[in-house]
Each structure stands twice: as structure tokens, then as C-alpha cells.
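Asker: Sharing a structure, written as C-alpha cells. Questions coming.
The values are calculated or read from the model by the stated rules, or taken from the named source; none is laboratory data. Quick caveat: nothing in here was measured; it's all calculated off a predicted structure. Glycine gets a Cβ as well: all are built from the backbone with ideal geometry, and neighbour counts include every protein chain shown. Ligands, DNA and RNA are stripped out before the accessible areas are found, and what is left, the full protein with its side chains, is counted by its heavy atoms. Shrake-Rupley method; radii C 1.70, N 1.55, O 1.52, S 1.80 Å.
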Amino acid sequence: MRLCPMRTFFTADSCKDSNPNALSPQSWLQIERGKLPKLSSQSSSASIESLIKVAQPPILPFFKPIDYVEVLAQIHEELESCVPQERSNLLLLQYQVFRGLGEVKLMQRSLRAAWQRADTVHEKIIFGAWLKYEKQGEELIAELLRSCGKCAQEFEPIDVASNLSFDVNVCSQERILINGNQISQDVIFTIGNEKIICDRQKISELSEPFHAMLKGYFSESHSESIDLSENNISPSGMRAISYFSLTGILIEVPPNLLLEILVFANKYCCERLKDACDRRLASLVSSKEDAVELMEYALDENSCVLAATCLQVLLRDLPNCLNDNRVVEIFIHTNRQQLEVMVGPTSFALFCFLSEVSMNLNSSSDTTAHFLERLVDFAENDKQRVLGFHQLGCVRLLRKEYDEACCLFKDAVNSGHVYSVAGLARLDYIKGEMLLSYEKLSSVISSVTPLGWMYQERSLYCDDETRWKDLEKAIDLDPTLIYPYMYRAASFIKTHDAQDALAEINRILGFKLSLECLELRFFIYLALEDYKAALYDVQTILTLCPDYRVFEGRVAASQLCTLVREHVEHWTKADCWARLYDCWSAVDDIGSLSVIYQMLESDAAKGVLYFRQSLLLLRLSCPEAAMRSLQLARQHASTEHERLVYEGWILYDTGYYDEGLRKAEESISMKRSFEAFFLKAYALADSSLDSSCSSTVILLLEDALKCPSDNLRKGQALNNLGSVLVDCEKLDSAANCYINALNIQHTRAHQGLARVHCLKNDKVAAYKEMTELIQKAKNNASAYEKRSEYCDRELAKADLEMVTRLDPLRVYPYRYRAAVLMDNHKEEEAIAELSKAIAFKADLHLLHLRAAFHEHKGDVLGALRDCRAALSVDPNHQEMLELHSRVNSHEP
């Protein structure tokens, strides 16, 4: 799992206010329990204002092309025709594009593809270690798969020796003739006072130099005894060499002697002997210490197998091994020839990986800067150079090395990376040239298709009125940006409009769960003296990131939680369950998370609570935190059959449906339980391609409902059972399930019941049902979206406009509006509507529809571009593949 961010919106100056009511970090830390000062209505806003300083948005160290769709399309086109050696670099570039878009799942898909399609053992090592790094905290999955008799290859190291074959011609024509016509005779090698008797013929076959010495025209060819005392080989080493010359085997040779023989073999060009030493030494590498010690020998003696094996051990120990200066020195100071031995032709990918890990640890460290310098050195094309220039520029900016940063950002801009202009503008601002910063961004906005980050960046360099307009434009173009919401919320606090500040920050928290925004809202609630709501938020923060810190990392959020809790009425176990039911029924997932956090601090059954927590986190699109909670549920399971259920969900959530099904069956064999049957129903539905399995799923859900459980889970089971019954066209039975779910306050069942009404041709009742859901649910964007299906076009448009206001990341409203425009023959407007969403969200369905619109218009190149970009998002999407094939056949 990734470490939680420690960056907050507080600056150092925010802690130096002279206001006696200001809550500085020191006052928080020194305050006695139960002594949190109550802010007067006159001072509360001023006190909070002294704390809230929204930091400027960082210049992100990402590759952010102006038209990512065009870049993805180019990558896909090149992947279709490139030689195998170029695939990994193309997939690495694809990974960087998705990284700039914040698409974590797509990033991991690109990494996996690079690993799967690796052409060399070094690519396999680098991308395998990278995948392992990205899946930190998921080692348990590999363990669970092994318990099911399955191996997760991406978690396993590769056998380097078997993937690097030995291919050297050690025989010349002359030696072949000699081998055929002469009888072997002995030769004595003298080393100090010891004599080692060897087979002259066999030793001569070790290499050309030995052949020339023993069988050629050198004087030694006529000598029975040859002194090797000055050749850095011990008697024991020579005996091992003699044995190898006879058998081709190195038996029971200790590591120090193997190193001696390796050096000797390299000196005398004994390729077979060197390869045997290389492989034998590689087989002994089992730890970081081994790898560090042996890497120097591997590089000095050009031992590819040993070097690659050491590399694999070090990379699979990331990020921990970067705390060892010896490891860092290896990567920083190896020359090009040594890197060729260690990593073959994949130096750029290596330093891309190392620099990302180092940036995650400390973006401004010397190590990060050195790795990025090497990244630039090993860039092979413009896009690789752009990435290196921009990332190193960002690091130089953080290190306040402004002149170097300026040169690097200029290099990136000159190579076509427009986003690096933001770095140049920030540098001008630091130098006091705010007008120049503004002009730089204005020039970019007027010369290319503008993106949200351009207006956000320009807003930093203008007066308040223009700033607000730019911030509004920024989130109109890219609603994923959090700075505009935070800045405006902080501005409302400054004008003592805490309620307006709360409304502003709630806008983004309604569709994007951001730790920084939750932190800001926490302080807004303090300004309003709403300690209960403040406690909800800080507990949610700690659920998402248990180590989260505020005040620039100086204060643990858990300390604030303790202090605020003293001002909130104590909840009994019964209170907690009642509040959880209320939040669950109101579709208040953040509230539910907070309540569960509090329940976990009691002596309650923690396994069950961590499991509920994981369900909520999945619903809130926090998969890493959800997996952490699932693992904690397994750790705190009170029985073996309960533990098996959580293991099954861990496997299910990572796509291993058959294995999840096996765990469910194992649990049921021990004890029939609600959760085991529920898991089995889910896993069977997703693992079986047979539509007839629906009847089995129904029986399993009915079995689950016969087992003891609380109404929260039973409501979900009834809802799911209703959904399966609808699919089986058993509408009356489905309606009964939904009604029973509603009777126990499972509010989401309104949506299922609405579907039943619609299928019975009663859209009025369906619309009414969804209206009830909208009124009850705290988070209701999806309910508005669903209700739009049950009304006329004008009402549908109004509902979908509301969806976009509540959650602009939902793509269906854009598709619907585009389809309506297309029906009205407004082709350009339809494409523009889709393009608006595509600009900030790489969505397959949006790209698919826009490709179809381009095809309809006869724009073959536009359609082909969107098809290729969509297939970068999902290479196996059947409808997309068919459209691509059809459009491709018409390409001019």
C-alpha cells in the first residue's frame, strides 16, 4: 500500500498568527484533554481563517500531453507494427499517459502488458518488480492463491539463469583438428609450492589463450610445468578449474573461490568456465546483502547472469533498499558499459522505475535528482526526453534550484510538452514577475485547445475577480481539480461565510473523496462549532489513511480526533448501531465509515466491522483502502469459517472468482453462514458463463437469508436477489424482495423496484420510486441518473443536468446529451459534448461513441484515432475491435 500524503494546505506562516484565539499546532499539542477552547461566535471564523492557507497546486511531475487521445492512438498504432524490442518502451509511455490522467487501474494494466510482452529477461525483471512495487501490501493474495494451488506469476521472481542462455563458440577449426589427432597429455601448473596436474588437452579447450599456450607456438606448449603463481589463482582454484575441464561441472566450490575462478576465467577468456561461475554465483544470491556484495564483481567481470540476478533482488526490495547508500551508489555510479551488463538495453525503463520510487519517498532528495539525471541521459526519443526534462525540472523546483529548473522546463516545452509552461510561469512568479506568468499562461490558452490546468495555473497570477472566473472555468473544463474548490472555500471563510465555505467543499466531496478536502471541511466544522460533524470527517480521514498528518506533517490526525471527541457525546454500542443504520439508510457512506471507525475502537467483533468498512470503501472508489480493510477483517476473524469468507472476498475482489468460490464452499462445509452463501452467490455469478446458473444463485441467496445476520446485510441480499429475479423475468417475486428490503430500511431497493415498475410498463410508478430514493439519499447523483430513464426527454435532460452538477465524472449524461444532439443532426455539438468529458476522463464508452459519430460523419481518421485510443483503455473490448476493424478497412 502507498504511504498517505503528508502535504496539507497549511503553510508555515499559518502557525505564526498573533491572534490569541488562533489554534496553532502548539496549542493543539499542549491542550489538556477536555480543554479544547470553545470559540466565540465573533472569533471562530477569524481563528479558523488564521489556520487555513490553501497552498498553490503543485507542478505535477507527470507527462501531460495536450491531446492524450492522439498520443494513445499513436502508441496503439505503433504497437500493432513494431518489432518486439520496442514494445516495452511504448507500453511504458502508455503507462505515463495514464499516470498523468490519474487512471490507476489503466496504469497497472499497461505495466502488466509490458511485463507480459517483455522481449528480454531484463524487461521481465524491471516490470515484474514494478508490478510488485505497485501491489505493496497485496502479498497475501499470492499466499492465498498458493493455498488454492495457483501461482500469481507477477509476485514471483523469474529464474534469470534459465532465461539467459549461454551461446559461445569455443572451438576454432585448428583446435578441432588437434582434438581429433592428438592424445591427451598432462601439464603441471605450479602455484607457490604446490603442483596441480591437469589434462593438457582439456585445459587447452577452455579458451583460445590456453590453446595457444598449451598447443600453439608458445614455449609453454613444450613445457611439462608452467608457473601460474603470478596469475591470482590459488591452488584450490586451479584444482577446481582442472576438475571443470574434465567434467564441465563446478562441485562444492565455496563462494570466495568461485569469485576467484570468475576473475581468472574472464582474464583468460574461458567462456564456459566463466558462465558456470556466473550461474553458480547467481544461484547463491538470496538477499540484499548478497546482491550488493556480488554486483561489483558481476559488473567488473561482465557477468550478465549474476548482474541480472542481483538487480532482480534489489528491485524487488524497493522501496526499502533505497535506504541503503550502497544500493543507491550502484545505480548512480555505474557507467554505460556496466549498465549494459546489468540491465541490457533497458536503462531508461530502469531509471524511470527508480525515479518514481524515489519521488514517492522524497521528491527533493539527492537520490531522486541523481536518478532523474540518469533518466535524461538514457532517453532515446523525444517523448522520453520530455518526461525526463519535466520530472527533473519539477525536482529542481522543489529543491529551489531555480536556474536549473528553468532550463529543464524550457527543454521540455521546446520538445513539445506544453504543461511544462506551468513550471516556467511558477518560476517567474517566484522571481516577482507575476505579469509575465499571467502572459505565459494566456498565450498557451489562446494557442491550443484549453485545458482545466491552464486556467487553474493562470488564476494564481491575477486579481480576485479574474481569479474566480479562471477557477470556475478550470473546473468547468476539468472537475477533477481540487484546488479551485479549496481556494473558494477558504475565501468564504475569510469573509466569515462558513456555510458558503461548507457548501463549496461539499461540491467536490460529493463525487471525489479527497483527504485534503476532508481536512479542510474538518476545520470548517470547527469554525461552525459542529464537533460531531468534525469528528465524522477526521474519523473518515483516519479510515482512509491511518497515518495522516496535518500542519505540514507536524501533528497526527489521530491527536485531533482524540481532542474533538471530548466535545461530542459518548456513544454506546447501541448508539453506534443506530447511527450506522441511519447513515446506511440515508446512503451516507462517509457517515457510515465514521461510525464504523468509532465502533472498531470498542470491543466489538472487529472482523465483521472491518469487512463492512471494506464494502463502503469499495463503494467510494477507494480500492487500496478497501483491500487493507479486508486484510484486517481476515486478521481479526473470530473463527476459521469466517476467515475463509474474508479470504474468498480478497480473491474475488482481485478477479480470482473461481478461487473465491472455492473459499466460500470450504467455509460452508464448516458452517452454513450468511456471508459464506452470499460470497458463493457472487463468485458463482461472475465465474460461470452459463446463464442457467441464475437459478443456483437464487437458491444460494435464499440460503443466505435463512442464516442469522443483521438487517443491513439482509437488505443487501434481498436487493441482489431481486436483481437476479428480474433477470429471470420473475417480476412479482423480485418486487416482493425489494419491498421486504425497503421494510428494513435498505433505501437502494427503491431503484430495483423502479425497474420492476418500468418492466411492467408503469413508468409513472418507476419515476415516483426513484423520486423517493432521491429524497432519502444523501448521495443521489446515481438516483437522478436512473430516474432520467423513466420520464420524457425534457425531464430526463433536467435530471441529467443535475447529475453533472452533483457528479461531473459520471459519463452517461454526456453520452445521452450527445445522442440527443446527434438525433437532431447537430453533429459538431454532439462531438463537442463528448469531447468535453473525454478531456478529463479516459472512458471507453465516451471514446466508442465519439468514434461512431466520426464514422457517421465520414471522418475516417477521427474515428480511427478514437478507436485506437479506446483499445488502449481496453484492448479486448469486442464491439470496439469490430468498429476498429471496420473503420480501418476504409482508411485512405
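Asker: Can you list the helices (runs of 4 or more DSSP H) lying wholly within segment 786-840 that have 1 or more residues being under 12 Å from residue 853 (Cα atoms) and in contact (Cβ under 8 Å) with a residue 24 or more places away in the chain?
Answerer: 812-823, 827-838
Asker: Only residues that are in contact (Cβ under 8 Å) with a residue 40 or more places away in the chain, open to solvent by 30 Å² or more (accessible area, probe 1.4 Å) and touching a Ser or Thr at 6+ places or on another chain (Cβ under 8 Å): list them for segment 674-732, please.
Answerer: Correct list: 675 only.
Asker: Looking only at segment 471-487, filter to residues that are open to solvent by less than 10 Å² (accessible area, probe 1.4 Å), part of a helix (DSSP H, G or I) and not aliphatic (A, V, I, L, M); which one of those is farthest from residue 67 (Cα to Cα)?
Answerer: 485
Asker: Ok, one more. Take segment 518-572 and flag every residue that is hydrophobic (A, V, I, L, M, F, W, C), under 21 Å from residue 583 (Cα atoms) and open to solvent by 10 Å² or more (accessible area, probe 1.4 Å).
Answerer: If the condition is that a residue be hydrophobic (A, V, I, L, M, F, W, C), under 21 Å from residue 583 (Cα atoms) and open to solvent by 10 Å² or more (accessible area, probe 1.4 Å), then 533, 544, 568, 571 are the ones that fit.
Asker: I'd like the residue in segment 488-515 that is small (Gly, Ala, Ser) and part of a helix (DSSP H, G or I) and, out of all such residues, is most open to solvent (accessible area, probe 1.4 Å).
Answerer: Among those that are small (Gly, Ala, Ser) and part of a helix (DSSP H, G or I), it is 503.
Asker: Just to be sure before I move on: is residue 769 outside any helix (DSSP H, G or I) and more than 37 Å from the chain's Cα centre (by Cα) in the structure I sent?
Answerer: No.
Asker: Just to be sure I understand, how many residues within segment 444-465 are touching a Ser or Thr at 6+ places or on another chain (Cβ under 9 Å), under 13 Å from residue 488 (Cα atoms) and open to solvent by 30 Å² or more (accessible area, probe 1.4 Å)?
Answerer: Of the residues in that region, 1 qualify.
Asker: Another question, if that's okay. Report yes if residue 818 is on the phi < 0 side of the Ramachandran plot and crowded, with 19+ Cβ neighbours inside 10 Å, otherwise no.
Answerer: Yes; evaluated as a whole, the condition is true for this residue.
Asker: Pairs only if they're at least six apart or on different chains, beta carbon under 8 angstrom, first in segment 393-413 and in the same structural domain as residue 62 (by the TED database), second modelled with pLDDT under 95; list them, first residue then second.
Answerer: none
Asker: Across segment 638-665, which residue is nearest to residue 151 (Cα to Cα) among those that are without any contact (Cβ under 8 Å) to a residue 40 or more places away in the chain and of a type in the set (A, V, I, L, M)?
Answerer: 661
Asker: May I pose another question? Condition check: modelled with pLDDT of 95 or more and not small (Gly, Ala, Ser). Does residue 659 satisfy that?
Answerer: Here the answer is no, as residue 659 does not meet what is asked.
Asker: Is there a residue in segment 275-285 that is under 42 Å from the mean Cα position of the chain (by Cα), basic (Lys, Arg), open to solvent by less than 50 Å² (accessible area, probe 1.4 Å) and at negative phi?
Answerer: No, segment 275-285 has no match at all.
Asker: From 625, 633, which residue is of a type outside the set (Phe, Trp, Tyr), surrounded by 21 or more Cβ atoms within 10 Å (Cβ to Cβ), in contact (Cβ under 8 Å) with a residue 60 or more places away in the chain and closer than 30 Å to residue 668 by Cα?
Answerer: Being of a type outside the set (Phe, Trp, Tyr), surrounded by 21 or more Cβ atoms within 10 Å (Cβ to Cβ), in contact (Cβ under 8 Å) with a residue 60 or more places away in the chain and closer than 30 Å to residue 668 by Cα holds for just one of 625, 633, which is 625.
Asker: Which of the residues spanning segment 619-632 are closer than 15 Å to residue 652 by Cα and among the small types (Gly, Ala, Ser)?
Answerer: Matches in segment 619-632: 626, 629.
Asker: Anything in segment 59-88 that is among the hydroxyl-bearing types (Ser, Thr, Tyr) and under 20 Å from residue 103 (Cβ atoms)? List them, or say none. Give the derivation first.
Answerer: So the first thing to find is which residues in segment 59-88 are among the hydroxyl-bearing types (Ser, Thr, Tyr), and the list is 68, 81, 88.
Of everything in segment 59-88, those that are among the hydroxyl-bearing types (Ser, Thr, Tyr) and under 20 Å from residue 103 (Cβ atoms) turn out to be 68, 88.
Asker: Could you tell me which numbered condition residue 779 fails, if it satisfies all but one of (1) over 30 Å from residue 581 (Cα atoms); (2) under 28 Å from the mean Cα position of the chain (by Cα); (3) at pLDDT below 95?
Answerer: Unmet for residue 779, out of (1) over 30 Å from residue 581 (Cα atoms); (2) under 28 Å from the mean Cα position of the chain (by Cα); (3) at pLDDT below 95: (1).
Asker: Got a number for residues in segment 740-760 being among the polar types (S, T, N, Q), within 39 Å of the chain's Cα centre (by Cα) and surrounded by fewer than 18 Cβ atoms within 10 Å (Cβ to Cβ)?
Answerer: The qualifying residues number 1.
Asker: Oh, and also: Can you find even one residue in segment 717-733 that is on the phi < 0 side of the Ramachandran plot, of a type in the set (Lys, Arg), over 35 Å from the mean Cα position of the chain (by Cα) and not in a loop (DSSP other than H, G, I, E, B)?
Answerer: No; the residues of segment 717-733 include none that is on the phi < 0 side of the Ramachandran plot, of a type in the set (Lys, Arg), over 35 Å from the mean Cα position of the chain (by Cα) and not in a loop (DSSP other than H, G, I, E, B).
Asker: Identify the residue in segment 189-219 that is among the aromatic types (Phe, Trp, Tyr) and farther than 18 Å from residue 273 by Cα and, among all such residues, is surrounded by the fewest Cβ atoms within 10 Å (Cβ to Cβ).
Answerer: Top of the filtered list is 217.
Asker: Which condition does residue 669 not pass, out of (1) touching a helix residue (DSSP H, G or I) at 6+ places or on another chain (Cβ under 8 Å); (2) over 11 Å from residue 144 (Cα atoms); (3) hydroxyl-bearing (Ser, Thr, Tyr), if it passes all the others?
Answerer: Residue 669 satisfies every listed condition except (1).
Asker: Limited to segment 224-244, what total is found for residues that are assigned to a loop (DSSP other than H, G, I, E, B) and in contact (Cβ under 8 Å) with a residue 24 or more places away in the chain?
Answerer: 7
Asker: Checking the structure you have, find out if any residue of segment 24-39 is surrounded by 15 or more Cβ atoms within 10 Å (Cβ to Cβ), modelled with pLDDT of 95 or more, in a loop (DSSP other than H, G, I, E, B) and in contact with a helix residue (DSSP H, G or I) (Cβ under 8 Å, 6 or more places away or on another chain).
Answerer: Within segment 24-39 (the criterion being surrounded by 15 or more Cβ atoms within 10 Å (Cβ to Cβ), modelled with pLDDT of 95 or more, in a loop (DSSP other than H, G, I, E, B) and in contact with a helix residue (DSSP H, G or I) (Cβ under 8 Å, 6 or more places away or on another chain)), the answer is no, since none of the residues qualifies.
Asker: Okay, next question. Answer yes or no: is there a residue in segment 592-600 that is touching a Pro at 6+ places or on another chain (Cβ under 9 Å) and either outside any helix (DSSP H, G or I) or under 21 Å from residue 708 (Cβ atoms) (or both).
Answerer: No, there is no match, as no residue in segment 592-600 is touching a Pro at 6+ places or on another chain (Cβ under 9 Å) and either outside any helix (DSSP H, G or I) or under 21 Å from residue 708 (Cβ atoms) (or both).
Asker: Looking at segment 113-154 only, could you name the residues that are surrounded by fewer than 18 Cβ atoms within 10 Å (Cβ to Cβ) and of a type in the set (Lys, Arg)?
Answerer: Within segment 113-154, 117, 146, 150 meet the criteria.
Asker: Give the residues of segment 573-589 that are closer than 18 Å to residue 608 by Cα and crowded, with 16+ Cβ neighbours inside 10 Å, sorted by residue number.
Answerer: Residues satisfying the conditions are 576, 577, 579, 580, 581, 583, 584, 589.
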